[in-house]
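The values are calculated or read from the model by the stated rules, or taken from the named source; none is laboratory data. Bear in mind the structure is a predicted one, so any value in this text is a computation, not a measurement. FYI the Cβ positions are ideal-geometry reconstructions off the backbone, even for glycines, and counts take in every protein chain you see. The accessibility values were calculated without ligands, DNA or RNA, using every heavy atom of the protein model including side chains. Shrake-Rupley method; radii C 1.70, N 1.55, O 1.52, S 1.80 Å.
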Amino acid sequence: MAGLVGALVLTAGCGVRAHDSVSRFEVREGLNLNYFLRDGDTAGHLVLRSGPQPRLLVAFPAGDSGTGVWFDRLPAPAEWVLHEVPKARRDNDSRGRTLHGMEFVASIAAPELRPRQGILSSVRILRDYEEKGALPAEVTVAPVVSGDTVTWARDRLDGAPGYLLRMRVLDGRLGPAGVITAGADGRITLRVDAFSGEPPLTPLAGGQLLNGRQHELGGAIDTLGFLGYREKFLAGSWRFDTYFGRDTLISLMLLSPVLTGDAIEAGLRSVLARLAPDGAVAHEESIGEYAVLANRDKTGKATDAPIFDYSMVDESYLLAPTAAAYLLDEPTARARAAAFLRSDAEMPSGPGTPIGAALVRNLRLVVASAEPFADRPGTDTLIALQPGRDAGEWRDSTSGLGGGRYPYDVDAVLVPAALEATARLLDHGLLDPYLTPDDRARLSRAARHATVWRAEAPKLFTVTIDPEQARAALAAYAETLGVPVADAMAALGPDPVSFPALALTADGTPLPVLHSDEVLDLLYGTPAPADLDTEVTAMIRPFPLGLMTGAGPVVADPVFADSALQAQFTTHHYHGTVIWSWVQAAFAAGLDRQLHRADLPAPVREHLETARRTLWRSIDAVPDMQNSELWSWRFDENRYRPVPFGAQAGDVTESDAAQLWSTAYLALTPPS
C-alpha cells in the first residue's frame, strides 16, 4: 500500500473544466461517490455505492455501455474511499481490438467483499438489474480468478469488441472463488480497470458548447460538458447515458440563452434524425448491445441497428415550440436558419432528407392529431396515452399519472403550444421551400386549432374543492406526513380551491392531484393574465395546499385525493411529493419569460415578482442538489431538509448525479 497514504479530497466541480480537452470532476450524493472523466476517446462515469450493499460500476456514453459488480450484503454499512484519480486507459481484447476505459484505486472498510454479480453490457441492462434484479442469461459471464486479480471479460453478443472489468487486490486477500477478505488494517483496496469497445462519441468541446453568456457554475458546466456531444446530448448519467427526445428538447429550451448555435443545432438534428415516418419524436434509443438483444428477439438477426421507442405522446408536441424559439426568436439564429434547414437530417432510413422537410413532417402530425378535438371538443377527442401504456409523458413511471389516461400537460399545454408554434413557423416563411400546396392548406389550420384547444381543453381538467372540505383534507394529510399546516391554512381563504387535475381517467374523471405541469405553460405558452395569475397562485402556495416547501417545489401533491391515490405519490416515489431540478428551473425560466411581457396588469406583475423571489429562496437553499435529477425531503427541527433520492430504503430507484436538463441554472439569473 505504499503511496496510498490517504483518500483524495475532491469536491463537486473541482479539477479541470468541462470545456477543456480533459474534464474530471466528482459529485457525492447520498450513498454514491460519482467520478466523471472525459479524456480523449474515453468518457466514463465511475459510481461507488457505499452502505450495507456496496456496488461499483463504470458507465460509458460510448454505446450506452457499462461494467459493474454488485456485492453481497455486509454485516454493517461501509464507505468507499477513492485513492487515485481515475485515469483514461486503453487496452486490447483477446483479439487485439482496442478498448477504451479508465483505471482507479479505491478501498472499503469491510471484512469481506463477496461478488454477487458482475455485469458487462448495456447501461440499460445494468439499470434493470439494479432496479429489478433481472439479467438476461445471454450476457452473464463468469469471473476468472488468477493470483491477486479477478477478471470479467467478453465480446459483445454480435462478436463486436465488448467489455473488460478487472479488479486487482492491493490490500487484502483474494480467495479462489473471488471472495476478497480484508487485510490487517481491516480494509480492502482494489485497483480496478473498466473498458468498453463501443465507438466513442464526439464531445462538443471548447467554444462549441457554451457561448460565454453562462453563469460560472462549475458543477453545471462540468455536467453539461460530460453530457454534450455532436451526435446527441445524453439525458443523464449513470442511468440514461444516451439520447432521450424529451430531455433534449426541454434542455435546449431552457439552455438556449447560453448555448452556441452549433450546440442547439446538434441537439435539434439529433431529434429530427430519429423521427418516425409519421413525424413522431423518438423517446429513447436502443443502441449497442441492447439493440443487439432487441433485434435478435424481433428478427433473429444479431445486429446493432438502432431501435427507437415512440411510446411517449408529449415529445411530438415539444419539437415545434423548441424549434420555433431557436429559429424565430434567437437573433444569432436568423442568419444561419436557412442553411440549417437545408442541411441533412441524417435520417436512419438513409441520408438526403433536409432538416426543413423533417420538421414539416412533425408539423403535419401536430395539426392532424389536433384536428378531432378542434372540430369536436370533448374527452374522447383529447390526446390519450397509447393503448396498453401507463405512461406517456415526463411522469413516465408506473404511478406517475396515478392511473390517468389523458395527461394535463399534453392536452392543456403542449398541444396548443405546438399548434401556435406551427402557425408562427408558417407565417415567417422559413419552411416555404419544404411545403407542398397540401401542406400549406393543412398547416394553415394550426392557429384556429390552437384557439380551440387553449379555450376548451383546460375546462375538462378543472377540480374544485369546497373550503371546508379542503380544510379537513389539509389537516388530515399534514398530520399523516408530520408537516406543519398553519401557513397552508392561512393561505386557504374563504373561497373554494380550484386547480387543474394531473390527468383524466379513461372515463374522463379528473384525478385530484395538484401538480407542477403548469410550469410548461409558463415556458411555452402565453396564457391570459388572469389565467397566468391563477396558475402561479396554485403552485406557489405553501405545501400541502400548494407545492412550495423549504426544499423546493414538489411535482405532485395528493392532499385532496383518497388514501389509495395518496399512496402512489409519496416522498419515495419517482414522481411523487419530490422535487425535480428541471421543473424548479423551468418554473424560474417560465416566470422570467412571462415577466418580459408588456400586457401584464400591475397586480399580476407584482404577484409574479413575489413568486419569483419565493421560488429563488428555495433554489438558493439547496445549491448542492441542482445538478441532480431529483431529490426528496424530510421535515425535522422545524424545517424541510433535502434528501438525495435513492438514499432512503423505501425509494423506488436512485437519482442521476448528472442530469442534462438540471444544468439549466447556467442560463438563469436570480432576482437582484
Check your understanding: Are there any helices in the chain, counted as whole DSSP H runs, that stretch 27 Å or more along their axis by Cα and score at least -0.5 on average by Kyte-Doolittle, and if so which?
Key -> 355-375
**Study point:** Efficiency of FRET between Thr451 and Ala649 - r from beta-carbon atoms, R0 56 angstrom, step 0.05
**Key:** 0.65
Point to revise | the range 45-81 versus the range 297-352: alpha-carbon centroid distance in Å | key: 35
Review point. Considering only DSSP states other than H, G, I, E and B, which trypsin sites (Lys or Arg not before Pro) in the range 26-86 qualify as loop sites with at most 13 other Cβ atoms within 10 Å?
Key: Arg73
**Study point:** Sum of -39500 (n - 2.57) over DSSP H runs of 4+, divided by residues of the chain (222 nm, nearest 500)
**Key:** -9000 deg cm²/dmol
Study note, to complete from the structure: Rounded to the nearest 10 Å², the accessible area of Val22 using a 1.4 Å probe with every protein chain kept is 40
Review point. Which of the listed residues, Leu460, Pro544, Pro257, is farthest toward the dipole's positive end in the chain, when Lys, Arg count +1 and Asp, Glu count -1 at the beta-carbon?
Key: Pro257
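Can you list the trypsin sites (Lys or Arg not before Pro) in the range 287-391 that are in a DSSP coil and have 11 or fewer other beta carbons within 10 angstrom?
Passing both the DSSP loop test and the Cβ count: Lys301.
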Check your understanding: Using a Förster distance of 51 Å, how high is the FRET efficiency between Ser311 and Asp148, based on the Cβ-Cβ distance and rounded to 0.05?
Key -> 0.60
Check your understanding: If you roll a 1.4 Å probe over the range 289-353 with all protein chains in place, what percent of the accessible area is carbon or sulfur?
Key -> 52
**Study point:** Cα centroid separation - the range 82-136 against the range 201-274, whole Å
**Key:** 26
Practice item. Give the shape of the range 231-384 as rounded, prolate or oblate, defined through the alpha-carbon gyration tensor: a ≥ b ≥ c are the square roots of its eigenvalues, a/c under 1.5 means rounded, and otherwise the shape is prolate if a/b is larger than b/c and oblate if not. Key: oblate
Exercise for review: Pop out the carbon and sulfur fraction of the accessible area of the range 533-672 as a percent, whole number, probe 1.4 Å.
Suggested key: 51
Review point. What figure in square angstrom, to the nearest 10, would you give for the accessible area of Tyr129 with a 1.4 Å probe?
Key: 20
Review point. From the residues Val281, Gly392, Ala134, which one has its Cα farthest along the dipole of the chain in the positive direction, the dipole being from +1 and -1 charges on Cβ of Lys/Arg and Asp/Glu about the Cα centre?
Key: Ala134
Check your understanding: About the Cα centre of the range 261-311, what is the dipole size in debye to 20, counting +1 per Lys and Arg Cβ and -1 per Asp and Glu Cβ, all else neutral?
Key -> 200
Review point. For Ser444 and Ala109 in one chain, what is 0.36 nm times their gap in residues minus the Cα-Cα distance, to one decimal in nm?
Key: 113.8 nm
Point to revise | Simple label model, 7 Å out from Cα along Cβ direction - Lys298 to Gln386, nm | key: 1.0
Revision key, fill the gap. Computed from the beta carbon distance with a Förster radius of 30 Å, FRET efficiency for Thr462 and Glu609 to the nearest 0.05 stands at 0.65
Point to revise | For the chain, accessible area per residue (1.4 Å probe, heavy atoms of protein chains only), Å² | key: 36
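If Rh is defined by the Kirkwood formula over all Cα pairs and Rg also comes from Cα, what ratio Rg/Rh do you get for the chain? Let's see the in-between values first.
Numbers: Rg = 25.4 Å, Rh = 26.1 Å.
Here Rg/Rh amounts to 0.97.
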Exercise for review: Using Cα centres only, tell me the gap between the range 551-618 and the range 430-480 in whole Å.
Suggested key: 17
**Study point:** Cα centre as origin, Lys/Arg/Asp/Glu Cβ charges: the chain dipole, Debye
**Key:** 1240
